[in-house]
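One structure is given below, encoded as structure tokens.
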């Protein structure tokens, strides 16, 4: 199995970062504006990506863990074949003025080119999360920073 | 062993991207301004990072492969303990208007927190490479985009 790993530090409290990860409204501010679903473990959350009004991707995830201010874990139920069954994990801890987010997208079967793309794109979205929490404005899809011909 | 993977697409020719990876002057435009060394396989290349005029990091790498327009491979000879012995690989291919860079920092012994940091930071520097080639201006250290308390 192969994992995507990232680490960002956000000048904010753990609580504020957690709120942007643990609620559909929060995630809509940095990943994709079309985020809907539950706000409790065992529930589901749905993410839809569009370009010029057309759907280009959609994920359904089960919320596995919501530990206030410290951890959010999702598992992919529906989405691209490479994603189904993988887990997306955010661990939050405080270091001085920074809430540190340790990110892991774990359980890829093969280190395919799509995994390379997703690794870079997750970094971009974590910087969008940082921007959202620090400035009030993120860059969620469809206004996300484009990194290649795969967007 | 654990690897950091990324993929970016740059609106340019493979040749132009290769020049920014295969020469010290090229790398100085997107990774760290203080890059010096050889431009042939078997040679060495040195990267120095500073903050407020003080050295905060330095790497010496051996140039393992320079395949015109398609591949650059370095191996870390000196630097942080976690980096020594690892390889940094750039593969370049053309897809329509984009030169695709497949990046791999391979051979980490453990998926430590520093690896998470480096993964995110490599994404930021690859976006700096994209900016350099597409617009003429990158964001190399010490003017790189900061991602956390670890810079």
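Results for (1) touching a helix residue (DSSP H, G or I) at 6+ places or on another chain (Cβ under 9 Å); (2) more than 22 Å from residue B:6 (Cα to Cα), shown as yes or no for each residue.
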residue	(1), (2)
A:22	no, yes
A:26	yes, yes
A:34	yes, yes
A:54	no, yes
A:70	yes, yes
A:99	yes, yes
A:115	no, no
A:124	yes, no
A:128	no, no
Checklist entry - Across segment A:7-20, what is the number of residues that are crowded, with 19+ Cβ neighbours inside 10 Å and in a helix (DSSP H, G or I)? => result 3
Item to check | Single residue of B:91, B:82, B:134 found to be at pLDDT 95 or above and assigned to a loop (DSSP other than H, G, I, E, B) | outcome: B:82
Checklist entry - Does residue B:125 count as more than 10 Å from chain A (Cβ to nearest Cβ), under 13 Å from the mean Cα position of the chain (by Cα) and not in a loop (DSSP other than H, G, I, E, B)? => result yes
Next on the checklist: Among the listed residues B:21, B:5, identify the single one that is away from chain A (no Cβ under 14 Å), in contact (Cβ under 8 Å) with a residue 24 or more places away in the chain and within 22 Å of residue B:144 (Cα to Cα).
Outcome noted: B:21
Checklist entry - Which condition breaks for residue B:104 when tested against (1) in a loop (DSSP other than H, G, I, E, B); (2) within 14 Å of chain A (Cβ to nearest Cβ); (3) buried (at least 17 other Cβ atoms within 10 Å of the Cβ)? => result (1)
Item to check | Scope segment A:107-118; condition facing chain B (nearest Cβ under 10 Å), outside any helix (DSSP H, G or I) and under 17 Å from the mean Cα position of the chain (by Cα); matching residues | outcome: A:108
Item to check | Residue in segment A:30-47 that is buried (at least 17 other Cβ atoms within 10 Å of the Cβ) and within 14 Å of chain B (Cβ to nearest Cβ) present | outcome: no
Next on the checklist: I need the full set of residues from segment A:78-91 which are loosely packed, with under 15 Cβ neighbours inside 10 Å and touching a residue at least 24 places away in the same chain (Cβ under 8 Å), in order please.
Outcome noted: A:80
Checklist entry - Within segment B:59-81, can you find the residues that are more than 13 Å from the chain's Cα centre (by Cα) and under 20 Å from residue B:128 (Cβ atoms)? => result B:79
Checklist entry - Applying the selection to segment B:128-137, what residues are more than 9 Å from every other protein chain (Cβ to nearest Cβ) and under 24 Å from residue A:129 (Cβ atoms)? => result B:128, B:129, B:131
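The values are calculated or read from the model by the stated rules, or taken from the named source; none is laboratory data. As the structure is a computational prediction, the values presented were derived from the model and not from experiment. Ideal geometry is used to build each Cβ from the backbone, glycine not excepted, and the neighbour counts take in all protein chains shown.
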